[in-house]
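To start, the structure itself, in structure tokens.
Nothing in this text is a laboratory measurement; each read-out follows from the coordinates by a stated rule. What you see is a predicted model; the values in this text were computed from it and never measured. Cβ atoms come from the backbone with ideal geometry, glycine included; neighbour counts cover every protein chain shown.
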There are 4 protein chains.
Amino acid sequence: MSAPSSGSAVHQGMPAPQSGARIIRGGHGEYRVTDLEAARHFYVDLLGFIETERTADALYLRGYEDRDHHNIILRTAESAGAGPLSFRVQDDDDLDRLERYFIQEGLPVRSIDAGQEPGQGRAIRTQSPAGLPLEFFASMERVERMLQQFDQYRGAQVMRFDHFNCQVPHVTAEYRFFAEGLGFGCSEYTATDGGPEGQPEQLWAAWLHRKQNVHDIALMNGIGPRVHHLGFWLADTLAVLRACDILAGAGMVESIERGPGRHGISNAFFLYLRDPDGNRVEFYANDYLIADPDWEPIRWSLDDPRRATFWGHAAPASWFDEAAHCESITTGELLPTSAPQLVDRPQHVT
Amino acid sequence: MSAPSSGSAVHQGMPAPQSGARIIRGGHGEYRVTDLEAARHFYVDLLGFIETERTADALYLRGYEDRDHHNIILRTAESAGAGPLSFRVQDDDDLDRLERYFIQEGLPVRSIDAGQEPGQGRAIRTQSPAGLPLEFFASMERVERMLQQFDQYRGAQVMRFDHFNCQVPHVTAEYRFFAEGLGFGCSEYTATDGGPEGQPEQLWAAWLHRKQNVHDIALMNGIGPRVHHLGFWLADTLAVLRACDILAGAGMVESIERGPGRHGISNAFFLYLRDPDGNRVEFYANDYLIADPDWEPIRWSLDDPRRATFWGHAAPASWFDEAAHCESITTGELLPTSAPQLVDRPQHVT
Amino acid sequence: MSAPSSGSAVHQGMPAPQSGARIIRGGHGEYRVTDLEAARHFYVDLLGFIETERTADALYLRGYEDRDHHNIILRTAESAGAGPLSFRVQDDDDLDRLERYFIQEGLPVRSIDAGQEPGQGRAIRTQSPAGLPLEFFASMERVERMLQQFDQYRGAQVMRFDHFNCQVPHVTAEYRFFAEGLGFGCSEYTATDGGPEGQPEQLWAAWLHRKQNVHDIALMNGIGPRVHHLGFWLADTLAVLRACDILAGAGMVESIERGPGRHGISNAFFLYLRDPDGNRVEFYANDYLIADPDWEPIRWSLDDPRRATFWGHAAPASWFDEAAHCESITTGELLPTSAPQLVDRPQHVT
Amino acid sequence: MSAPSSGSAVHQGMPAPQSGARIIRGGHGEYRVTDLEAARHFYVDLLGFIETERTADALYLRGYEDRDHHNIILRTAESAGAGPLSFRVQDDDDLDRLERYFIQEGLPVRSIDAGQEPGQGRAIRTQSPAGLPLEFFASMERVERMLQQFDQYRGAQVMRFDHFNCQVPHVTAEYRFFAEGLGFGCSEYTATDGGPEGQPEQLWAAWLHRKQNVHDIALMNGIGPRVHHLGFWLADTLAVLRACDILAGAGMVESIERGPGRHGISNAFFLYLRDPDGNRVEFYANDYLIADPDWEPIRWSLDDPRRATFWGHAAPASWFDEAAHCESITTGELLPTSAPQLVDRPQHVT
């Protein structure tokens, strides 16, 4: 895999990965919650996630479009935080390819037997160069798809998982792991403007995808490794507005952190919510298709006011300051974080 | 009260009524159902009406915007059919004025004591010249308005009652009762085109209002007296589409009779449903404001394809053929009907 | 007319007015603009208002539902500011009644001949006790209604004028003029919480209506007399979102001041825009019907976070600080303002 | 490539193609029109397609999400009809692979030089076993993407091309060409119910995809080869409704053939339009993501009333009877058609 072409911070198109693995899409995320019942009320009763299974310490939820067992796991813990970011791969061979690649790169590897996680086949886990806990699986138990059971729709009617968004101190290094090692294409990216004395632009954030829309994972410059949010797909903008109404109607306005609004990046209509433990989810509608192999990434300047919110509103400081710390795949303890290498927010957010 | 100006089938503006009564708006309708539990499943579980009260033989339901006790009554009976069309008046004096007027006009009058209907104050009933059972009340018990309890919204999220639509054999006579006797203004109307030998146009249907939108009651030429449908207001077009999805998802596609579509008349987005007994309800969004006293009624030709469905689709024959027979206000028996004076449907519906 | 009942800051229902006038609805507003061509680009090209007439120094625009000649006037002036708030009355007799009433109350009166304003019949003007410039007219030239000319819809598809919102230093006094003098009913209101030593609550803002929705004019405590915004009605929430997209797409994000969001008060979905001169307009969808004479006003506490924005977002400081100064009806000069009697914003906006 | 597993009419997942070609997605369609100006009015002025280029005899249009030069070609001809169905492939090697495969299969091949079609690189054409004219290209000229130029949005705001829908006399044979030869996966399919004497089910229609949603091409049993419609993607259901309003507002109700409604198959919200020459386009929103390689096709019975229209409405007979005849890739003449092998519509459409 060649480096980005001269003068660009990112590759054009979807690189052939050094690992040789065929990653399909982001599959599901995991949040730590201190009160499983409060989490169930938020995610299931109010937002309308479908409960597939409940164990002694965890909830496995899915959306209305899902055939898979779950798209988010909520697990009891002593504090908020994020478990593995789990990606679907083509088949079991890809798990072997990934294991070899991670070992070669000096990254830790942990095997997860089929059934160790309810509904999920064999999986492997690693910790990315920046410390993000990653999981890869090739199969999941099929459950009833509720897409046309409209009489049972509730809440904000989340359709499916869409993406992970993570903060890392050094975006360029993490970007190269995902692009060159794992084969993610870059749909859009944010760069700092070059310096007055001829310094080159630097990669501030990158939206990376394997499935055919804007992203499966975004990497943003910030204190990290942290999971900034799990992004879920809704069918239309009105479903996003409904989430606001439901939460406010239930007296939980404090869970509405930012939005609704439109992102300049991705063009999507967005809303950011904080669950009762402060873990962040994004509800997201209306981005666009990227199917072609010669997609040219869209560049945004960090200080363009339409970049983050196309309508010009600044994000609140909490949106930059707060995010979920990540678990170690070996100990389950939350990992320490480091300061970012670049300024951590646009000039207009102070 | 003067007659319509020369050459027009309808009055301009809102006539000063001979009765002197100040009618405010259509308030609630009543349908006879043969299986109260099946009706509850349709109206409450699927369509999302709010159940205010249940008695031994009847359900009293309301919408999300309502402060009043109910906007529809479903009452157990041996066959389908329609009970009184109930209108809110300004205050109790208006009930006295109406009583005097109906007696003077030779119409039957029946007094209903406060509380005889759950949640409703004193009322009077009559039978219109065409035989429609009418009720008038001045006060209703106030219940909790659910408008901002978005976390409890269900189904198609009916907001409020909007209008009655009735078939009568002789529209012109019934129109004059509502316009000149009761003070209803005409927003839009349908006329037959004048005949080849100079016959004048004839009034085929009229949309009549007291509140400030297109109608509280519509009168259509047809076998009558019959209640064609009760119309309910929804907040937007997507709520109308949701009703279709919910019913189809629940395996009840046969209850979707016509629509969704846009009416040329009224400009509203509509959907016609049949309850398990065949009684018809309309879900309706997006008409327009008529506040001005000099509103000039909009004339439509019966055979204009955009009149009934702005997008050109013909209504099914059942929409013209079938409607609820009306109860006598004295015996509760269903009244006989007569054939209409004019052709009962446009040429393009055969 | 009796005062509000003991313990309440506002009347219940719609008072019988001392003036005897039958005001129908808010009709149109007028803004001063320094560059008529820039204003035309903003209101017509981008937002989609329909241009009815252009004179040497003014534009007369309307919405897609309007039959009347205009619902907003944009007039060239040396600075931004607001001309008369113009209300439709029942007929010419009401103009006479109002003239007598204003003279009796010691308010200035100015007669406007028919045709002096393009498209408008005879009118009279006054200055309210707080100094708001008011106009009343009984007839307006009828123009083509574009409601079903969907092929010609552009921009945010403004349907009609909805309301005026004004800041005045002493809300209680101005409220009594509109309620007791002019017969406006109160739909909702904001009161300060009573003081610790038994001080009564004070009226901070009132939403007042003559037509059958939440308001034709709102009065808010603040530096005044100032016109805070002109409110326009859109058919649905998506039309409101479209306004944001259009302005951002055209590179005018700075014109988006607040929203989109839902008001707790009125339940409406809102967006506040600033025209090129800083005059403010609100786009507004989905409030509710108030037809009944016994409507009980809804009380909100000033510091309830869901009052102004149901989803909890605070309004920006500019939304409280900035508003259009008002013209004198006699000189056309902008009037001086006074400081408000109460705190001018909630505690959470600082 | 193995045959479908025993007992199923279709393959599970996306087969490895015999041709070895990597087809990316359906790219653009071509319709013959007898009056280019009338076609431009319909597609550009009313429906809002963006005009990229106009030559002496053709229009090249695109959608708001497109970076490519065009997604539909309208070409002057003596009669209505369909030109090539054009698919994007990964790169030029795939054109070579396809050429070898078509020759090996005895299918005609025609080379199209780069630039022969405005904006398009080298391409090859063939005629499918059923006679559908197919084109494959690897590159297209990049033009300005209008996605965030919301101020320039018009009409129904078509975002992108989605799929071809074709009628062929023998679906099973054509399905095997697309699945086994070209590597299309099957998302959903319609089968006839098995006969009373143990006859197996037969494939009546198949929805086939390469990109990650329900289809790039659908094959339906019917008189063929014919192009039934070109399907375009819209951002939401309201954009679909807007198309109806625009056409009706412009007095072209006769161009609205079927819908709006929801398909059981694909779950999408649909509308079928006929252009001034009778060529059919579908506007389409809200299907679902298929990214996983182990997708199990969804089976529908031909006579399930929710299959074609989830809400139960039957399609009009014209929808089954009429479709565009196809051009020969060698002569440009319209090809003769054959009768279908199976019954050509459900029992409830007669």
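Note on A:Gln347 and D:Ala38: the model spin-label points, each 7 Å out from Cα along the C-beta direction, lie 5.8 nm apart. A cut-off of 5 Å between modelled amide H atoms, ignoring neighbours fewer than 5 places along the same chain, links A:Ile24 with A:Arg88, A:Val89, A:Gln90.
Counting other C-beta atoms within 10 Å, which of C:Trp204, D:Trp233 has the fewest, and how do the rest follow?
Working: C:Trp204 28, D:Trp233 24.
Ordered by Cβ neighbours within 10 Å, fewest first: D:Trp233, C:Trp204.
Phi-derived couplings, Karplus 6.51 cos²θ - 1.76 cosθ + 1.60 at θ = phi - 60°, listed residue by residue for region D:75-86: 10, 5, 8, 7, 8, 5, x, 10, x, x, 8, 10 Hz, with x used for Gly and Pro. Counting Cβ atoms of other protein chains within 10 Å of each residue's Cβ and taking the mean over peptide B:291-300 gives 4. With label points defined 7 Å past Cα in the direction of Cβ, position A:Asp93 shows copy-to-copy spacings of 1.6, 8.9, 9.1 nm, given to one decimal and shortest first. 3J(HN,Hα) couplings calculated from phi for region A:330-343 with the Karplus curve 6.51 cos²θ - 1.76 cosθ + 1.60 (θ = phi - 60°) are, in sequence order, 9, 9, x, 7, 6, 7, x, 10, 10, 6, x, 7, 10, 3 Hz; Gly and Pro show x. First measure r as the distance between the Cβ atoms of D:Asp294 and A:Ala317, then evaluate 1/(1 + (r/R0)^6) with R0 = 56 Å and state the FRET efficiency to the nearest 0.05. Once the sixth-power term is evaluated, E becomes 0.80. Once every DSSP H run of n ≥ 4 in the protein assembly as shown is given -39500 (n - 2.57) and the sum is divided by its residues, what mean residue ellipticity at 222 nm do you get, rounded to the nearest 500 deg cm²/dmol? The helix-only estimate for the protein assembly as shown comes to -3500 deg cm²/dmol at 222 nm. Counting only lysines at least 8 places from D:Lys211 when in the same chain, those with an alpha carbon closer than 21 Å to its own are A:Lys211. For region A:113-146, GluC sites (Glu not before Pro) are listed when DSSP marks them as loop and at most 14 other Cβ atoms sit within 10 Å of their Cβ; the list is A:Glu144. Between copies, how far does the label point of C:Gly251 sit from its twins, in nm, shortest first, when each point is 7 Å from Cα along Cα→Cβ? List, nearest first: 3.9, 5.0, 6.0 nm.
Going by C-beta contacts inside 10 Å, put A:His313, C:His229 in order with the fewest on the left.
Fewest-to-most ranking of A:His313, C:His229: A:His313, C:His229.
Where the centre of each part is set by its Cα atoms, how far does region D:257-291 sit from region A:166-230, in angstrom? Computed from Cα coordinates, the inter-centre distance equals 37 Å. What whole number of Å gives the distance from the Cα centroid of region A:292-350 to the Cα centroid of region B:29-72? About 50 Å separates the Cα centre of region B:29-72 from the one of region A:292-350. At q = 0.07 Å⁻¹ the log10 of I(q)/I(0) for the protein assembly as shown amounts to -0.80, computed by Debye summation with a single uniform scatterer per C-alpha, solvent ignored. Per the rotation superposing chains D and C, the chain D residue found at the smallest beta carbon distance from the axis is D:Leu238, 3, distance in Å. Each DSSP beta bridge with both residues in the protein assembly as shown is either parallel or antiparallel, and the antiparallel ones are about 70%.
What separates the C:Ala173 label point from its copies, with the point 7 Å along Cα to Cβ, is 6.2, 6.9, 9.2 nm, written shortest first. Sparsely packed loop sites in region C:266-330 (the chymotrypsin sites (Phe, Trp or Tyr not before Pro) outside DSSP H, G, I, E and B with at most 13 other Cβ atoms within 10 Å) do not occur.
If you plug the beta carbon distance of D:Gln116 and C:Gln152 into 1/(1 + (r/R0)^6) with R0 = 35 Å, you get a FRET efficiency near 0.35.
The label point for C:Glu333 and the one for B:Glu141, both projected 7 Å from the Cα toward the Cβ, are 6.3 nm apart. Beta bridges from DSSP with both residues in region D:155-325: antiparallel share about 70 percent, rounded to the nearest 5.
Within chain C, DSSP assigns beta bridges of which about 70% are antiparallel (rounded to the nearest 5).
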